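The values are calculated or read from the model by the stated rules, or taken from the named source; none is laboratory data. Computed from a predicted model, the values in this text were never measured in an experiment. All Cβ positions, glycine included, derive from the backbone under ideal geometry; neighbour counts span all protein chains shown. Calculation scope for accessible area: heavy atoms of the full protein, side chains included, ligands and nucleic acids excluded. Shrake-Rupley method; radii C 1.70, N 1.55, O 1.52, S 1.80 Å.
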Amino acid sequence: MNSNAAPSAPSHTHLMRKLAVYGLFAVFAVWCVTAFRKDIAQVDPSQLQAGWGAVLLAGGLSLVNYALRVWRWRLYMTRLGHSLPWRFVALTYMAGFAFTLSPGKIGEMVRARYYQPHGIGLPASGAAFFVERLLDLLAMMLLTAAALTELQAYQRFLWVALALVGGLLAMLMLLPWPRVAAHLDQRAAHRLLRPAQAIVHTLVRARALLSPGILLGGMALGLAAWALEAIGLKLVADVLSPEPLAMASAMGIYAVAIIVGALSFLPGGLGSTEFVMAGLLYAHGFTMPQAILLTLVCRLLTLWLAVVIGWYCVWVLRHTKLT
């Protein structure tokens, strides 16, 4: 009797774990859909009737943004010794977008679960994610440079971001992480040290992504990707105003709003990003209704488009066997 009952315990545990994962996905999906409907309800499309071409083009630029970031992710994984098929990389990377509403986009690390069956541990995917987030923040700061004089009210956020990026890069490049990792490996039996061990091994891997060639390549791809979304904002803004929004202003508005949203650590920067973007657009001569509409359309074409694509990729990965 006991021999028959024993195997049921792991099976029951596995079932509960699976239900918990599906439950988490369901709750997160409902949250995304609810927030999406609130955004949609505030948009008056009639103001954009003459410019749907510009809206579609802006959406296309967002898709190119995703493609460039997939390219960068594959570049990082290859540099870490993992050459993977493009389709697998694209699907797994964009599946992380389903959880982009998490604070600091940390939920995007869910993509690591797709790599573990291929022998790619958390330190590798964590290192790529860490360097990606770091360079994205640096790219946003560079985009603000052309409009810095117009953004004096938000310069303290830029200084905080600069200090954060500079401090993390200095920590990553100057401290002897391989020696620290070797020291912790000798004491791996201590359970309390295992989280620190995982973090240090992630930083060791991240350091490999900061050699001049890979650093500049990743920086260029990130800068181009985020500049495209700022150009999308300008395209839609020019539909509503007889006076074209300067390219430098569009870059600065978009980048500062994203930086403030990231530093707020709210899910997806919701609320803080929209508030700053609408305020900056209003300061550049748009009426408040126009500024709110532009902000919501921009977020629909960037944040929410990514979330929808992310959930589609999650569905594909759950129904397709990839090698």
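List of remarks:
- The distance between label points at TRP86 and ASP238 comes to 3.0 nm (points 7 Å beyond Cα on the Cα→Cβ vector).
- Accessible area, probe 1.4 Å, largest first, for residues MET171, MET251: MET171, MET251
- Placing TRP71, TRP311 in order of accessible area, with the largest value first and a 1.4 Å probe, yields TRP71, TRP311.
- Cα gyration tensor, the range 65-147 - rounded (a/c under 1.5), prolate or oblate: prolate
- Using only alpha carbons, the range 255-321 has a radius of gyration to Kirkwood radius ratio (Rg to Rh) of 1.14.
- Residue-level accessible surface for HIS284, protein heavy atoms, 1.4 Å, Å²: 60
- Measuring with a 1.4 angstrom probe and ignoring ligands and nucleic acids, ARG133 comes out at about 50 Å² accessible.
- Summarising the label geometry, the points placed 7 Å from Cα in the beta-carbon direction at ALA170 and LEU57 lie 4.4 nm from one another.
- Here the ratio of the Cα radius of gyration of the range 203-265 to 2.2 N^0.38 Å is 1.48.
- Largest to smallest accessible area among PHE130, PHE275 [probe 1.4 Å]: PHE275, PHE130
- Rounded to the nearest 10 Å², the accessible area of SER83 at probe 1.4 Å: 90
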